[in-house]
1. Can you find a residue that is in a helix (DSSP H, G or I) and either at positive phi or under 53 Å from the mean Cα position of the chain (by Cα) (or both) anywhere in segment 71-78?
2. Between 268, 295, 319, 343, which is assigned by TED's automatic domain parsing to the domain that holds residue 243, among the small types (Gly, Ala, Ser) and within 25 Å of the chain's Cα centre (by Cα)?
3. Looking at segment 261-379, what strands (runs of 3 or more DSSP E) fall wholly within it and have at least 1 residues that are of a type in the set (Phe, Trp, Tyr)?
4. Which of the following residues is closer than 24 Å to residue 215 by Cα and in contact with a strand residue (DSSP E or B) (Cβ under 9 Å, 6 or more places away or on another chain): 309, 280, 360?
5. Within segment 331-338, does at least one residue satisfy the condition of being touching a helix residue (DSSP H, G or I) at 6+ places or on another chain (Cβ under 8 Å) and modelled with pLDDT of 90 or more?
6. Restricting to segment 293-330, name every residue that is under 30 Å from residue 269 (Cβ atoms), surrounded by fewer than 12 Cβ atoms within 10 Å (Cβ to Cβ) and at pLDDT 90 or above.
7. Quickly run through segment 233-259 and pick out the residues that are in a loop (DSSP other than H, G, I, E, B), under 32 Å from the mean Cα position of the chain (by Cα) and not charged (D, E, K, R).
8. Return the residue satisfying two criteria in turn: it lies in segment 53-91 and is among the polar types (S, T, N, Q), modelled with pLDDT under 85 and out of contact with any strand residue (DSSP E or B) (no Cβ under 9 Å at 6 or more places or on another chain), and of such residues it is surrounded by the most Cβ atoms within 10 Å (Cβ to Cβ).
Amino acid sequence: MTEKFLVIDDDPGFCTMLTRVLSDEGYRVDKALGGEEAIEKIRNEFFDILILDIKMPKIDGIEVMKRLREIQRGKEESDVIIITGFISETTPIEALRLGAVDYIMKPFEIKDFLHSIERNVKIIRLKRERNIYIGELSETNEKLKQTINELKNTRDKLIYSERLAAIGKVASGVGHDLRNLLGIIENASFLLKSSFKTKNTKINKYFSILYKALQESKKTLDDLLHFSKERKIEKAKISLKSLLQEGLDIVPLKSNIKTKMKIPSTIGSIYVDPLRMKQVLRNIISNAAQSMPKGGKISINTKSKNNHVKIEINDTGSGIDKKHLKNIFEPFFTTKTKGIGLGLAVAKEIIEKHNGKIEVKSKINKGSTFIIHLPTQGN
């Protein structure tokens, strides 16, 4: 498509002459008899080049240029070639400062005029080609960034999978033997407590400590054995309210920890593996409870949108340092003195097998919120 010109001059004959000359060269041309008409046309249409007379009544060429820059601010700008018949005036300098690309002194030869036009048209076309190349380069750069990010994500997933495989290898070697030994210790402690009934507070306290340690050991072993082999997700329809309530019930909470659950009546059942999702809830709620040794509150809120449910588990505990947030779902990462750092890694893997995702927000001394996104359908 050829460039479009707007010839602006208050002399009708001169304006018509320039319009005809440019049209004969194959350009698209419009004209404006004065500054007011020019500004109106500029507001409604884009012109590649303005041929602008400086000296015009009411609104002169300098004012037209100022209005032009205001109208086109942040947009593609028109090039301006100014025409003046006053060789000693300073206004051409001001016009060049406002962005004029060339100026022509009256009177002039048509061939000189066309030479200036041809030169500036070439510049415009070069600018367009440059912008096209920049756009293509920018698009290529974005695609390269996307490819690099995809490779990085693939690498991270591969490293993560290799770590899980290594964990599974260790777990399969010792896990079942440890489970049998813990079962023997649990049965022996139960029989010992049953046959050794006493009101001695100190002895009962030790039995309680032993029981809690056994439960914590079994939980750690369950997390470890989770990676020992590929476990299929067996989805079933279950009430979300029932699932969350059972998830709360399997975690022994101290009396100074209060719980609150809010589930809209519009959310009914979802399709998940109930056993695995209870494991997720247990791990997250256990962490929440451990972050509140002096008591606090655990709140569970849910929302549903576009066949997905969002579960937010919030605690008022000690919070997680910002520098640790990116690592908390990594196997064996922990900032606690107890546990081996597998609970959240297990939770993440189970949720992702449900085609969901988990994220966390946290502030030191304010608490943490774990956000689970899950599809509600069985697919």
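1. Yes, some residue in segment 71-78 is in a helix (DSSP H, G or I) and either at positive phi or under 53 Å from the mean Cα position of the chain (by Cα) (or both).
2. Selected residue: 319, the only one of 268, 295, 319, 343 that is assigned by TED's automatic domain parsing to the domain that holds residue 243, among the small types (Gly, Ala, Ser) and within 25 Å of the chain's Cα centre (by Cα).
3. So the answer is 269-272, 367-375.
4. Every option except 280 fails the conditions.
5. The answer is no; no qualifying residue exists.
6. Result: no residue meets the conditions.
7. Residue satisfying the conditions is 233 alone.
8. Per the stated criteria, the residue is 90.
The values are calculated or read from the model by the stated rules, or taken from the named source; none is laboratory data. None of these values were measured; they are calculated from a predicted model. Cβ: placed from backbone, ideal geometry, glycine included. Neighbour counts: every protein chain shown.
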